[in-house]
Amino acid sequence: MHDFLFADFLEDQATYAALQAYWQTRLAFLDGRCAPYLRTSFANGQPFYDGNPIVNLADRHAGKAARIVQHCPREHGHGYTSFEQAIELAGDDGQHRPAREKIIVLTLTQDTAQRAEAELRAWFAPA
């Protein structure tokens, strides 16, 4: 378990916040181009703290979105998978438009973080 990063993120809210900051820094190259598209808290403002998603970003103009679902390493061990699906994204005008979503499911290690970052760089690269 020594290679897992932020392994206790589901048990400790401070670790969860540090993990979110880690991803924000790691994916800073998307700042200004992408914005969150999913709710990550209950109606009362309490965060879900479940890692699903730990990251969610959408480029509404390109019709692309992505989210990272992070699993607990004690329950899932090493793992990484990704896939795409069709979704709808609300535009600035409130109208829903067809889009593509990339979903990455992982347990976090340095290697899976690099892999996810590379995959998101390619996903959101201008056509």
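The values are calculated or read from the model by the stated rules, or taken from the named source; none is laboratory data. Computed from a predicted structure; not experimentally measured. Positions of Cβ are generated from backbone atoms using ideal geometry, with glycine treated the same way; all protein chains shown enter the neighbour counts. Accessible surface is based on the protein model in full, side chains and every heavy atom, while ligands, DNA and RNA are left aside. Shrake-Rupley method; radii C 1.70, N 1.55, O 1.52, S 1.80 Å.
Restricting to the range 37-62, name every residue that is acidic (Asp, Glu) and part of a loop (DSSP other than H, G, I, E, B). Passing the criteria: only ASP50. Every listed requirement among (1) over 25 Å from ALA86 (Cα atoms); (2) in contact with a strand residue (DSSP E or B) (Cβ under 8 Å, 6 or more places away or on another chain); (3) modelled with pLDDT under 95; (4) not aromatic (Phe, Trp, Tyr) is met by GLY45 save one, (2).
Which residue is least open to solvent (accessible area, probe 1.4 Å), if the candidates are limited to the range 90-122 and must be part of a helix (DSSP H, G or I) and basic (Lys, Arg)? It comes out as ARG121. Reported count of residues in the range 50-66, each being under 18 Å from ILE103 (Cα atoms), free of Cβ contacts under 8 Å to residues at least 40 places away in the same chain and open to solvent by 50 Å² or more (accessible area, probe 1.4 Å), is 2. Taking the range 77-89 as the range and being open to solvent by 50 Å² or more (accessible area, probe 1.4 Å) and in a loop (DSSP other than H, G, I, E, B) as the test, only HIS78 passes.
A Cβ distance below 6 Å, combined with a sequence gap of six or more or placement on separate chains, defines the contacts here; from the range 13-36, residues that are in a helix (DSSP H, G or I) reach residues that are hydroxyl-bearing (Ser, Thr, Tyr) in the pairs TYR16/TYR49.
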